[in-house]
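Contents: one structure, followed by commentary.
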2 protein chains.
Amino acid sequence: MLTIGTLAKKTGTKVQTIRYYEQIGLMPEPGRTEGGQRRYGDAELDRLSFVRHARQLGFSLDAIRELLDLSDHPGKSCAEADAIARRQLKQVEQRLARLEALRTELKRMVHECSGGQTSDCRVLEVLRDHSECLTDHEEIGA
Amino acid sequence: MLTIGTLAKKTGTKVQTIRYYEQIGLMPEPGRTEGGQRRYGDAELDRLSFVRHARQLGFSLDAIRELLDLSDHPGKSCAEADAIARRQLKQVEQRLARLEALRTELKRMVHECSGGQTSDCRVLEVLRDHSECLTDHEEIGA
DNA sequence: TTACATCCTCTAGCTACTGTAGGTTCAAGC
DNA sequence: GCTTGAACCTACAGTAGCTAGAGGATGTAA
């Protein structure tokens, strides 16, 4: 039986985060000691590991919820899980493309900084000037 | 004189976002009509363009605040602006590295999906198994 | 004058946590 | 059995950066 702190350490999660996952229904309500402290078993360890791994891969909590649901029902078609992963891959590739363009622009900015006064600072100038901008009015995904 | 809606369209910003920027002090309080509606001039258009461009490049609102402050004081050293841009570039490069690793793993997941039932779905299996994980307990930036 | 798009303020909600306050429980050592 | 201190508990507030909605006022063109 694991305390919440041990579970946290084993999965690289903060204690509060585990309680938060419980609150939003991503983790089940665990057993408690007489004094009211949470105690976890291996099933919970596995589940939390799954969640954390998926989070590291950039899956949203909603997507993880779906994936957990799928893995809880082994008879279901694999196609759904595959679709989620594909959607995720697509997003990652979009972000990559965007970030690569950003890197180029940032490199240019940094490269051209002459070290003088802000009045002739390229960094500020580039930000003021949209003409060389990648795209209009697009957002970057953090 | 521009209405807030026109300014929004010109900069690709939502009206609410402009009001939000005003609220947090990133945009100045504009003039108003007798009826109390906001009216903007070219200075505000420039400032908002600057902000949006910087946001597209992934700068935080705090960083943008610093940059705006620098550009408001043309006598200051360019070094600070350069430092902010360099910090940003570093972050972008870290995210890139991380995302590239993610793409590899996701591609592997998707590739190996055989199309059967979830009980033998590689996507779920990979998420259950941390052994091939990139790094332990690291976070991804959104 | 009337219609209606756009504006106003205020409040709440979103994601995915993280932090704090104030109090309780557990386990080890004596 | 008692003390100590780390780890636990709940509840609530705060983070970034917006976004959405309610309910009402304003501006402008026909």
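The values are calculated or read from the model by the stated rules, or taken from the named source; none is laboratory data. Because the structure is a prediction, the values reported are computed rather than measured. No Cβ is skipped: glycine too gets one built from the backbone with ideal geometry, and neighbour counts run over all protein chains shown. Surface accessibility is based on the protein's heavy atoms, side chains included, excluding ligands, DNA and RNA. Shrake-Rupley method; radii C 1.70, N 1.55, O 1.52, S 1.80 Å.
Given the options B:101, B:54, B:85, state which has the largest fluctuation in a GNM of chain B using a 10 Å cut-off (strictly under) for Cα springs.
B:101
Show the residues, 5+ positions off or on another chain, whose built amide H is closer than 5 Å to the amide H of residue B:39.
Those lying under 5 Å, H to H, from residue B:39 are B:31, B:32, B:33.
Of A:58, A:25, A:4, whose Cα points farthest to the positive end of the dipole of the range A:4-59 (charges on the beta-carbon: +1 Lys, Arg; -1 Asp, Glu; origin at the Cα centre)?
Looking along the dipole axis, the top candidate is A:58.
Starting from the Cα gyration tensor of the range A:1-123, multiply each eigenvalue by 5, take the square root, and state the resulting semi-axes largest first in whole Å.
Working through the eigenvalues yields semi-axes of 42, 23, 9 Å.
What are the nm distances, shortest first, from residue A:74 to its equivalents in the other copies, labels at 7 Å along Cα→Cβ?
When each copy's label point is compared with this one, the spacings are 7.2 nm.
Can you tell me the accessible area per residue over the range B:4-58, all protein chains present, probe 1.4 angstrom, in square angstrom? Kindly include the intermediate steps, with their values, before the conclusion.
Working: 2920 Å² over 55 residues.
Per-residue value: 53 Å².
Ranked from the most accessible area to the least, with a 1.4 Å probe and all protein chains present, what is the order of B:76, A:107?
Sorted descending by solvent-accessible area, the residues read A:107, B:76.
Note the buried accessible area between A and B here, summed over both chains, with a 1.4 Å probe, in Å² to the nearest 100.
5500
Tell me which GluC sites (Glu not before Pro) from the range B:1-107 have a DSSP coil assignment and no more than 12 other beta carbons within 10 Å of their own.
Qualifying residues, ordered by number: B:34.
Can you give the extra length, in nm with one decimal, that the chain gains between residue B:3 and residue B:69 once fully stretched, where that is 0.36 nm per residue apart less the Cα-Cα distance? If you can, show how the numbers build up before the last one.
Values: separation 66, 0.36 × 66 = 23.76 nm, distance 2.54 nm.
Answer, rounded to one decimal: 21.2 nm.
To the nearest 500 deg cm²/dmol, what mean residue ellipticity at 222 nm is calculated for chain B from DSSP H runs of n ≥ 4 alone, each contributing -39,500 (n - 2.57), summed and divided by the residues?
Working: 6 runs with 84 residues, N = 142.
The helix-only estimate for chain B comes to -19000 deg cm²/dmol at 222 nm.
Taking θ as phi - 60°, what are the ³J(HN,Hα) couplings along the range B:84-96 by the Karplus curve (6.51, -1.76, 1.60), each to the nearest whole Hz, with x for Gly and Pro?
Karplus-based 3J(HN,Hα) across the range B:84-96 equals 4, 5, 5, 4, 4, 4, 4, 4, 4, 5, 5, 4, 4 Hz.
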